[in-house]
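Accompanying notes for the structure given below.
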Amino acid sequence: MKKTLTLVLALIVVAACAAPPTNRDGAVDTNRNANRAADAAPAITEADAIAKEKAIWDAIKNKDYAGFEGMLADTFLEVLPDGVMDRAGSLAGVKQFEPSEINFSDWKFLSIDKDLFLVVYTVSVKGKFAGEEVPSDPVRSSSVWAYRGGKWLGAFHQECPVMTTAPPPATKAEAAKATSPSASPAAPPATGPDSIANEKIVWDLIKGKNYEAFGQLLATNFLEVLPNGVLDREGAIKVAQFDASKVVVSDWKSATFDEDAALVTYTIKNPVPNFPPQGQRHSSIWVKRDGKWWGQFHMGGTPVRQPPPPPPKPSVSPSPK
């Protein structure tokens, strides 16, 4: 929750995720195993969820690094321009971050299941990172919290810039190429517990312009976070209708929250004007409901930052005789 404050504005791409039918609204499976039943999470309200997210920012501001670390799950992941960081990497970065003022707005809350929830918000920060002033430009932030060992712990965080200007409108030819549906729309392939495989299905559907099938893969209360806004299911279907024929997806990573919720994160590149040359980082959450897997959440638009070149090796002069 720090380095992304230096992000540049990025061109929007699409959502990616999955799944529908009868229980798409996020209702909890009744077939919980004995361990999870014994560690049942207490009900969480939106106000309590927001308070927990603000508390983790307060720990950073107050340089309470032990408190910050104690609020994170062992499997915590953070998606940054520099890469996907684990718990130790996030803590190391926080120790270089010195926020002096933090302002929040536009909160949204989504209960994924009884032991997993999501908060989305906009945050602007004044302060320093590694001794240098950071821009106070607002960023969109998303955090997942999981109930583990009798308490709520941060499990995932990602940020992207807030786009303040609209991307240039597509030409008529570009718009027709992007939105023309496939000649023979087909039902989406079956999804499963492999979140990477599920996400690849989504991109194949978008590239094939099978937007109807893509829409069938999104949960009713699906949520998508992009630089230009927070979208519901219908908004995600609309933003997916672009020319994705040259999009390249790579750097796949996946993680499991529990037996019915999983995360996938990856990088996309698109050789079009104004798209970050190193690509963007995207993440999705897949959930299992009534024995099926489908998409619950997607976030994109985190520009990949090229790591600085290593310092030159000092030349070795021969010692005088």
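The values are calculated or read from the model by the stated rules, or taken from the named source; none is laboratory data. All values derive from a computational prediction rather than experimental measurement. For neighbour counting, all protein chains shown are included, and Cβ atoms are generated from backbone atoms with ideal geometry for every residue, glycine included.
Which members of the stretch 89-115 meet the condition of being basic (Lys, Arg) and part of a strand (DSSP E or B)? Within the stretch 89-115, just LYS108 meets the criteria. If the condition is being farther than 19 Å from VAL144 by Cβ and either in a helix (DSSP H, G or I) or aliphatic (A, V, I, L, M) (or both), then the stretch 204-232 contributes ASP204, LEU205, ILE206, LYS207, TYR211, GLU212, ALA213, PHE214, GLY215, GLN216, LEU217. Evaluate the stretch 80-88: report whether one residue or more is part of a loop (DSSP other than H, G, I, E, B) and at pLDDT below 95. Yes: one or more hits.
Scan the stretch 205-221 for residues that are over 20 Å from the mean Cα position of the chain (by Cα) and not small (Gly, Ala, Ser) and report the count.
7
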